[in-house]
């Protein structure tokens, strides 16, 4: 099993940035949550503050078995990232450490929602664990 994790702008600052909103867990902690669930799966993690780098990573890995994406602020306005995700073959889960719907109104829109299978938000690093659990179930059920 090959899983792509995409981490967008500012996620490299998890653990340091606004801990009252995002907690004290780091991006590595989030990736390790996925590893702990998926065990021997190959994990490809791409983290960038650059929209074009993330799009290139999605397109280069469009045939992975599953994808977990936390696009950060790009979630709310990146139509080009949405279009790249739409070309991916496997199931996709959008994750958020915080709950965007409980925050500023501009965060209530996800350009990605229509091209992912679901969204898990508001459970801290546990959002990643829940996404990995769902992907594991989904992928093994269809294998």
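The values are calculated or read from the model by the stated rules, or taken from the named source; none is laboratory data. Quantities reported herein were computed from a predicted structural model and do not represent experimental measurements. Every residue, glycine among them, receives a Cβ derived from its backbone with ideal geometry; neighbour counts consider all protein chains shown.
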Checklist outcome for this item: Flagged in region 48-71 as touching a strand residue (DSSP E or B) at 6+ places or on another chain (Cβ under 8 Å) and either closer than 22 Å to residue 136 by Cα or buried (at least 21 other Cβ atoms within 10 Å of the Cβ) (or both), in numbering order, are 54, 57, 58, 61, 64, 65, 66, 67, 68, 69, 70, 71
Checklist entry - Given (1) more than 15 Å from the chain's Cα centre (by Cα); (2) buried (at least 18 other Cβ atoms within 10 Å of the Cβ); (3) at pLDDT 95 or above, where does residue 25 come up short, assuming only one miss? => result (3)
Next on the checklist: If a residue must be farther than 14 Å from residue 139 by Cα and in contact with a strand residue (DSSP E or B) (Cβ under 8 Å, 6 or more places away or on another chain), how many such residues does region 82-99 contain?
Outcome noted: 8
Next on the checklist: When you check residue 61 against the structure, is it more than 11 Å from the chain's Cα centre (by Cα), in contact (Cβ under 8 Å) with a residue 24 or more places away in the chain and closer than 17 Å to residue 36 by Cα, yes or no?
Outcome noted: no
Item to check | Meets criteria (surrounded by fewer than 20 Cβ atoms within 10 Å (Cβ to Cβ), free of Cβ contacts under 8 Å to residues at least 40 places away in the same chain and farther than 20 Å from residue 9 by Cβ) for residue 89 | outcome: yes
Next on the checklist: Among the residues of region 81-112, what is the count of those that are over 23 Å from residue 132 (Cβ atoms) and modelled with pLDDT of 95 or more?
Outcome noted: 1
